[in-house]
Every structure is written in structure tokens, then in C-alpha cells.
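Encoded as C-alpha cells, the structure appears first; notes follow it.
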Amino acid sequence: MDASFQANDLEHVVEADRAHIWHHLSQHKPFETVDPQIIVEGKGMRVWDQTGKEHLDAVSGGVWTVNVGYGRESIANAVRDQLIKLNYFAGAKGSVPGSLFAERLIGKMPGMSRVYYTNSGSEANEKAFKMVRQIAEKRYGGKKHKILYRDRDYHGTTITTLSAGGQQERNAQYGPFTPGFIAVPHCLEYRAQWDVENYGERAADAIEEVILREGPDTVGGLCLEPVTAGGGVITPPEGYWQRVQEICRKYDILLHIDEVVCGVGRTGTWFGYQQYGIQPDMVTMAKGVASGYAAIACLVTTEQVFEMFKDDASDPMNYFRDISTFGGCTAGPAAALENMRIIEDENLLDNTNRMGERMMANLHGLMEKHAAIGDVRGKGLFCGAELVADRASKEPVDEKLAQAVVASCMKQGVIIGVTNRSVPGFNNTLCFSPALIATNDDIDAITDAVDTALTEVFGG
Ligand SMILES: Cc1ncc(COP(=O)(O)O)c(C=O)c1O
């Protein structure tokens, strides 16, 4: 940490925060008696708060974002240089970092070809929904306008992305919602909805059942997370994705993969969908694209989707009439280019695979020791441990106990996550998403803290 750091200097910052900041996803009553936590500085895997306390960050900035770790001067320099040269111009024109990052990105996504810049994951997903709607209008007289989403998935915070949200506690009290969004069942085998051998295929067949019920000529898009994040770190069962792809092709439904969390290395491949050998029509990404050094999100499509918006140039309405003011900020692609260079030059995909295996092995070790862990799931450095009151019945623990585990880790100086205001009754999955630079020692320190916390909360 910076030697000039003085805890006392920050007292007025804490008071200004308490007086004026409205924090995301937070009940503020406790701040009347407890100080809000201010994160002051970060370096590598670690951050320091206003009291000078050091924390090992196992959640990459709280919401799986800071993939290359804190304090990257080369990203700061790339952004600074770009801002001095040109900070902004609206997206109807091009920019140097915008073009170059798009080219690099498409190089990692065989089969995809076009990048639309925007500034948040929610916004990128909304753009994809708008494309499905416009295609329905242009090609199918508006009929093929329905968009399917999956129970337990999350696609954003706006009213329309909540309409495509499968986490009822996120949605509650914010309706009425946008019409035309239809839920399909989740694919979490641990919470099985069918008693079959080939669970993955069965869970995918459930999507086909919904399509047939709604009418295939009314369904234009299917939006899925490759690995469900905030809904419980749900890795899809064997056979799921292949069948999903077949179903989409069979009914001419655009497959939209939401890589806002999994994108840019989190699972150990550039994109989560690449773990499963599928070819999407649209891919959205945000958090890890520039590791939080600048706000950037992208909607990437195939050339085939792109072509549908330029095939009739004589019609003044026949193009994607969308605007994103901050999609024209050049800091985003400048940061993203350097972020990608770091991941390549430091072999962070390999590291993610190795450290992910270690994290899973450690979590399975904890599962042998602590009956409170009912299931462990994960892909790369994106892992979860579901806590249960009873292994046989799989009854989830009370969310207060899961939160007590998180609080105990925090006391020990390790920041972990837990599913929060997500699926009713299932705010019980501990979440781990350390930066892709994590070392063996970091991974062990994280799981050691969880070990101590589980003993403290549930007994030895
Ligand atoms: C899978 C997924 N999609 C979309 C979003 C929304 O992204 P943003 O918060 O940048 O709008 C999130 C945010 O957590 C997410 O986890």
C-alpha cells in the first residue's frame, strides 16, 4: 500500500459517504451505526480499506470484474495516452482503439464478425433484444418476437433486462415488466427437476417444450448465461449445450450468449461458450473486457445477423437505429486492448485453468470436512459452494448463515461472495472469482479462510 496512506485522512470520506452515497444493492440502516467500508487502494489480488486493513479479494472487485488484478499501470497509461489524443466521439464514427480492439476480439471468436460498443452489460443485452425484435418485425411481420430466458439467469438491471431475468428477488417490486419474455427451466442438476440419466439433454429438451407450447413461429431469441453466475454458479450438465444449439437451429431461433461474467478469460477460455463447442449468433460481454479500468461492454454478432440490418439500404428504417452515447468513449477499447495483451503475454488463460483446478480440489477437500457444503461447482476461476442444512434433503441453509461465513472471511481479511437477493430460498451459494493472476498461495489462503469460517459458523 502507498506509504502516504493515513487512516485518519479518510474520516471525512467516510462521513461524506454516509451522508450522500446511495450504495448499490445495499440496505443503508446499518450505516447509521457502522461505518460504510471505503476501498481505497488495490494492487494485484489485494485491496486496502479506510482503516488500512488489507484484504485478499476472491471476487475481483465484488462482481467478478477485475480479471487482470489491481494497479495495472500499463492499462492506466494506455487510457491516459488515448484520452489526451481523443477521449470521445459518438459511435457513428470510428476510433483507432475501437477498430483495433474489435479486430483483436473477433480474432478470439471464430464465426463472429461485428462489434457494437456500449457501456454496461445490461445495455449490451438490451441491444441484443432490440435486434431480435427488429428482425422479427422486418422478416416475420412482428410475429417471431418472443425472447426466451432461463430460470435463475440474470441479464441486467433495467426493466427490460429484468423482464428476461430468472431471479425473482431481483425482479420483485419492479414490475410491470416488458411483454414477450418467456422463462425456460434452469439446468442445475443438483436441484434436479427430472429423474433421468441424460440430465443435460433433458434440461435442454425442456426449452423445446416451451418453444412448442408458445409456437416456434413466435420465438425469435434464446438468451442464456454459459455458466449461470449470480443464480448459483451453475455449470451446465453434459450434453446440454449441444442440444440447445440443435433446438435453436431447428426452430430458427437466435442464440444469444450472455458472457458479461464469463467473457474474457474467467472460465479458462476466452469465452464461456467456447467450453462447449457451440456457435452463438450474438454474444454480449462487459465486466472482464477491460477489468473495470474503464466502462465498456460489447454486443458481438455474426455477419449473418449484421447483414439483416443492411440488406435494404433504400428503406430509411432498415438499419439498427440504436444510440449509445458512452459507447463512443475511447477509454474502453484502449483499456480493453491492453487488458487482452496482458492476458496473452502473462498466459493468464493457462493460469486460470491451473488455479481453477486447485480451487475446485480445495473446495472438494472442504466438502469432505464440512457437511454444510452440499455441492461444489465451477469452471476455471469461477467457482461456487452451495451450503445446505442437511445433505440428504439438500435443504438450503438460512441465508443468514451463508452471510455469516462471508462475514467471518471478511474478518480474516478475505473477501468472498454469496448469492444475494437472487433466487428466493437459495441465497446460499458461496461465490469465488479471484483475478486470473491468482497464485497457489492465494487460492489456498482463500479456501483456508473458508475452512475457518465454516468451522466458526457450523462447528467442527
Ligand atoms: C450475467 C450478467 N449479465 C448482465 C449483467 C449486467 O451487467 P451490468 O451490471 O454491467 O449492467 C450482469 C451483472 O452482474 C451479469 O452478471
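Every number in this text was worked out from the coordinates using simple rules, so none of it is lab data. In this text the structure is predicted, and so the values were computed from the model without any measurement. Backbone-built Cβ (ideal geometry, glycine too); neighbour counts: all protein chains shown.
Karplus-based coupling profile of the stretch 287-298, in residue order and whole Hz: 3, x, 4, 10, 6, x, 6, 7, 7, 8, 9, 9, with θ = phi - 60° in 6.51 cos²θ - 1.76 cosθ + 1.60 and x standing for Gly or Pro. Report summary: the helix-based calculation at 222 nm, which adds -39500 (n - 2.57) for every DSSP H run with n ≥ 4 and divides by the residues of the chain, gives -11500 deg cm²/dmol. For a modelled paramagnetic label at HIS20, 7 Å from Cα along Cα-to-Cβ, the residues of the stretch 39-57 in reach, with backbone nitrogen under 17 Å, are 39. Computed from backbone phi with θ = phi - 60° and the Karplus coefficients 6.51, -1.76 and 1.60, the 3J(HN,Hα) list for the stretch 50-66 is 5, 8, x, 5, 8, 10, 8, 8, 9, 10, 6, x, x, 10, 6, 10, 7 Hz; x is used for glycine and proline.
Could you line up PHE177, PHE309 from fewest to most neighbouring Cβ atoms inside 10 Å?
Ordered from fewest to most neighbouring Cβ atoms within 10 Å, PHE177, PHE309 come out as PHE177, PHE309.
Sequentially through the stretch 272-281, phi angles give Karplus couplings (6.51, -1.76, 1.60; θ = phi - 60°) of x, 5, 5, 5, 10, x, 10, 10, x, 9 Hz, Gly and Pro residues having no value and appearing as x. Here is the list for the stretch 276-346: trypsin sites (Lys or Arg not before Pro) lying in DSSP coil, each with at most 11 other C-beta atoms within 10 angstrom of its C-beta, are LYS310, ARG321.
Net charge near PRO97: determine it from the other residues with C-beta under 14 Å of the C-beta of PRO97, scoring Lys and Arg +1 and Asp and Glu -1. Once positives and negatives cancel, what remains is +2. Set the Förster distance to 25 Å, then compute FRET efficiency between ASP444 and GLU73 from the Cβ-Cβ distance, nearest 0.05. Between ASP444 and GLU73 the formula returns 0.35. Considering only the other residues whose Cβ falls under 15 Å of the Cβ of ARG72, what net charge follows from Lys and Arg at +1 and Asp and Glu at -1? With Lys, Arg at +1 and Asp, Glu at -1, the neighbours total -4. Fewest-first ordering of ASP195, ASP205 by other beta carbons within 10 Å of each residue's beta carbon gives ASP195, ASP205. Ranking ALA78, LEU148, VAL227 by how far each Cα lies toward the positive end of the dipole of the stretch 74-345 (charges on Cβ) leaves ALA78 at the top. Using C-alpha pairs below 8 Å separated by at least 6 residues, the relative contact order for the stretch 74-345 is 28 percent. Once the Cβ-Cβ distance of ASP217 and GLU197 is raised to the sixth power relative to R0 = 25 Å, the FRET efficiency obtained is 0.15. Listed by Cβ neighbour count within 10 Å, with the fewest neighbours leading, VAL300, VAL96 appear as VAL96, VAL300. Mark the label point 7 Å from the Cα of ASP9 along Cα→Cβ and return the residues of the stretch 43-84 whose backbone N is within less than 14 Å of it. Only 49-52 fall inside the zone, counting backbone N under 14 Å. Backbone amide hydrogens, once placed in the peptide plane, bring VAL414 within less than 5 Å of LEU56, excluding anything fewer than 5 places away on its chain.
Relative contact order of the chain: what whole-number percent is it, with Cα pairs under 8 angstrom and at least 6 residues apart?
After rounding, I find 20 percent.
On the basis of the beta-carbon distance and an R0 of 30 Å, ALA313 and THR178 show a calculated FRET efficiency of 0.50.
Taking only the alpha carbons of the chain, we obtain Rg and Dmax values of 22.2, 72 Å in that order. What is the sum of charges around ALA435, taking Lys and Arg as +1, Asp and Glu as -1, for the other residues whose C-beta is under 13 Å from the C-beta of ALA435? In short, +2. Taking the average, over residues, of other Cβ atoms within 10 Å as the packing measure, peptides 356-363, 400-407 rank 356-363, 400-407 from highest down.
Here the extension length gained between GLN403 and ILE106 equals 102.9 nm, from 0.36 nm per residue of separation less the Cα-Cα distance.
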